[in-house]
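What follows is a short report on a single structure.
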């Protein structure tokens, strides 16, 4: 057995414990907010001592940073899947129903809203979010540019940046729409998303 294999079980245990803390933190933050939830409360929910938690996260900011990194990895995986589609632009339009429903599900947006709120007051968290956003936007931009070139459509950076920012803003605004109007009719809204996405992604 080589050194990498010897370390593997310990790393697996550490990853399991980290996930245990993050799951507990997500539950606490969702109920009490970032500032309302204490490290003691998180440790109790995680079933471990506060001292043990500090082996993995030295502060609540570090826990928030882990959530930001988690989401960045999720988006990177989505972008990789999108890049492998035969027609990424059409895939975004065709999959609007799935992604709109996901964005409207409180299980997916409670934590992001909490993080966005904290970022408005905490420069360190804001910097993390901006770095993650910059990376995700660049991945999306590269995929859309290549797909538009393949279709023979204009692919200038400034034009695409504006269109992609508009599309991303639509999705990021969905949680607020649900908060303001929880009874929104999903079907017609998805149809509207598809129309807007087609215009932004496929328009001249």
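The values are calculated or read from the model by the stated rules, or taken from the named source; none is laboratory data. These numbers come from a predicted model, not from an experiment. In this analysis, Cβ positions are derived from the backbone assuming ideal geometry, glycine residues included, and neighbour counts consider all displayed protein chains.
Can you name the condition, by its number, that residue 16 falls short on among (1) at pLDDT below 85; (2) exposed (fewer than 14 other Cβ atoms within 10 Å of the Cβ)?
Here residue 16 clears every test but (1).
Does at least one position in region 170-187 carry a residue that is closer than 21 Å to residue 87 by Cα and either assigned by TED's automatic domain parsing to the domain that holds residue 108 or outside any helix (DSSP H, G or I) (or both)?
yes
Residues in region 43-85 that are assigned to a loop (DSSP other than H, G, I, E, B) and either buried (at least 17 other Cβ atoms within 10 Å of the Cβ) or modelled with pLDDT under 90 (or both): how many?
8
Within region 95-104, how many residues are more than 13 Å from the chain's Cα centre (by Cα) and free of Cβ contacts under 8 Å to residues at least 12 places away in the same chain?
Residues that pass the stated criteria total 2.
Please count how many residues of region 56-89 are over 19 Å from the mean Cα position of the chain (by Cα), more than 23 Å from residue 30 (Cα to Cα) and without any contact (Cβ under 8 Å) to a residue 40 or more places away in the chain.
3
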